[in-house]
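Structure first, then comments.
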Amino acid sequence: MPTYVVLTRLTPEAVKTPRELKRLEKAVSEAIRRECPQVKWLANYAILGPHDYLDIFEAPDETVAAKVVVVIRSFGHAETETWTAVPWERFERLIPE
């Protein structure tokens, strides 16, 4: 399955307390599991910099990956940036000898 990377930036209005942040994360995760059961999560990170989170997942195609992002954004608390990622082993085979 193709691999996707999503960078998420919460809006300043998203949450006011750490407890609210935990509730939001749980609600988003449950919605993604329910709406996109074929997605396989590989990693989730809280990061420093212009984005707050980095998520890496596999999806059968770009339509399902887009649905994941729609679910994230449907909560109205985040801006996202999505990339396709090619594992190095697969990418290396594309390079001529």
* Specify the residue that is surrounded by the fewest Cβ atoms within 10 Å (Cβ to Cβ); the eligible residues are those in region 12-47 that are within 16 Å of the chain's Cα centre (by Cα) and in a loop (DSSP other than H, G, I, E, B). => P37
* Search result, residues across region 65-82 that are in contact (Cβ under 8 Å) with a residue 24 or more places away in the chain and touching a strand residue (DSSP E or B) at 6+ places or on another chain (Cβ under 9 Å) -> A65, V68, V69, I72, H77, A78, E79, T80, E81, T82
* Collect the residues in region 55-97 that are assigned to a strand (DSSP E or B) and open to solvent by 50 Å² or more (accessible area, probe 1.4 Å), keeping them in residue-number order. => E79, E81, T82, W83, T84
* All positions within region 48-64 that are more than 20 Å from P87 (Cα to Cα) and touching a residue at least 12 places away in the same chain (Cβ under 8 Å) -> P50, H51, D52, Y53
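The values are calculated or read from the model by the stated rules, or taken from the named source; none is laboratory data. Note that this is a predicted model, so its numbers are computed, not measured. Glycine gets a Cβ as well: all are built from the backbone with ideal geometry, and neighbour counts include every protein chain shown. In case anyone asks, the SASA skips ligands and DNA or RNA and just uses the protein heavy atoms, side chains included. Shrake-Rupley method; radii C 1.70, N 1.55, O 1.52, S 1.80 Å.
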